[in-house]
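A.B. asks: Dumping the structure here so I can ask a few things about it.
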Amino acid sequence: MRTVCNVSEIFASIQGESTHAGRPCAFVRLAGCPFDCTWCDTAHARSGGRRMAFDEIVREVAALGLPLVEVTGGEPLAQEGVYPLLDALLQAGHEVLLETSGLMDTTRIPAGIKTILDLKPPSSGESHRIVWENLDRLGPEDEVKIVLADRADYDWLREVLASRPALAGRTILTSPAAGRLDPAELASWILGDRLPVRLNIQIHKVIWPGEERGR
């Protein structure tokens, strides 16, 4: 039986976040997510999608002609087929990013994958589900992303950074939830506390405002 994934969309875009921001990137957005973040910006990927064998996905990605690939969702780790897909993308010679919510165990992510662990703060409604042991599995090229919607989220971030030794020296990415927090206000908090994080502005939303699919 061929291993399959439920795919929402495959497209070429500009990487909008992380330390890879600004790079041309092929995106494989898997469909389906068992969680319900209050400010989810990819609601179209929470259901639906089309069943594709992972070798078909790899061929479609190859046709885009981009060496950098990100597998995202939805929640990609909710699908069993994601693991052979990640392996296949690596074997095809791609540099592979995986964005996952931090709400599912990351033990089985293949070596060589660059994980972006998207920790969910209180405003998401899902912070109680965080699998904190995932922090201990972060590799040297992995990154932690935290989207903030208000001051309470920011204070939570400060507490997490102070209380989780596994985050020391890590690349911590923060970004304001679109329409919920002014980027300038978040920047002022970061500067005021000299917080050791990177401020991310979602480049793809600046380039293509209001567009969700294929961006």
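The values are calculated or read from the model by the stated rules, or taken from the named source; none is laboratory data. Because the structure is predicted, anything quoted here is derived from the model rather than measured. A quick note on method: Cβ atoms are made from the backbone with ideal geometry, for glycine too, and the neighbour counts reach across all protein chains shown.
A.B. asks: Name the single residue that is surrounded by the fewest Cβ atoms within 10 Å (Cβ to Cβ) among those in the stretch 1-54 being farther than 26 Å from I130 by Cβ and at pLDDT below 90.
C.D. replies: Among residues in the stretch 1-54 that are farther than 26 Å from I130 by Cβ and at pLDDT below 90, the one surrounded by the fewest Cβ atoms within 10 Å (Cβ to Cβ) is M1.
A.B. asks: What do you reckon, is G74 part of a loop (DSSP other than H, G, I, E, B) and either farther than 25 Å from A111 by Cβ or at pLDDT 95 or above (or both)?
C.D. replies: no
A.B. asks: What tally of residues in the stretch 1-27 results from selecting those that are in contact (Cβ under 8 Å) with a residue 40 or more places away in the chain and farther than 25 Å from T174 by Cβ?
C.D. replies: 12
A.B. asks: What are the residue pairs meeting all of these: first residue in the stretch 76-102, first residue over 14 Å from R29 (Cα atoms), second residue aromatic (F, W, Y), Cβ atoms under 8 Å, and 6 or more apart or on different chains?
C.D. replies: P84/F54; A88/F54
A.B. asks: Hey, could you check the stretch 116-143 for residues that are touching a residue at least 40 places away in the same chain (Cβ under 8 Å) and under 16 Å from the mean Cα position of the chain (by Cα) and say which is farthest from C40 (Cα to Cα)?
C.D. replies: Filtering first and then ranking leaves E143.
A.B. asks: Is at least one residue of the stretch 55-64 in a strand (DSSP E or B) and either among the basic types (K, R) or within 29 Å of L157 (Cα to Cα) (or both)?
C.D. replies: no
A.B. asks: Looking only at the stretch 161-179, decide whether some residue is surrounded by 14 or more Cβ atoms within 10 Å (Cβ to Cβ), of a type in the set (V, I, T) and closer than 21 Å to C33 by Cβ.
C.D. replies: Among the residues of the stretch 161-179, not one is surrounded by 14 or more Cβ atoms within 10 Å (Cβ to Cβ), of a type in the set (V, I, T) and closer than 21 Å to C33 by Cβ, which makes the answer no.
A.B. asks: Restricting to the stretch 148-178, give me the number of residues that are assigned to a loop (DSSP other than H, G, I, E, B) and in contact (Cβ under 8 Å) with a residue 40 or more places away in the chain.
C.D. replies: The number of residues fulfilling the criteria is 3.
A.B. asks: Residues of the stretch 90-108 being hydrophobic (A, V, I, L, M, F, W, C), under 24 Å from S47 (Cβ atoms) and surrounded by 21 or more Cβ atoms within 10 Å (Cβ to Cβ), which ones?
C.D. replies: Result: L97, L98, L103.
A.B. asks: Of all residues in the stretch 11-44, count the ones that are under 13 Å from P76 (Cβ atoms) and either over 15 Å from the mean Cα position of the chain (by Cα) or of a type in the set (F, W, Y) (or both).
C.D. replies: Residues flagged as under 13 Å from P76 (Cβ atoms) and either over 15 Å from the mean Cα position of the chain (by Cα) or of a type in the set (F, W, Y) (or both) within the stretch 11-44 amount to 3.
A.B. asks: Given the conditions (1) at pLDDT below 95; (2) surrounded by fewer than 18 Cβ atoms within 10 Å (Cβ to Cβ); (3) not hydrophobic (A, V, I, L, M, F, W, C), report the number of the one that E126 does not fulfil.
C.D. replies: E126 satisfies every listed condition except (2).
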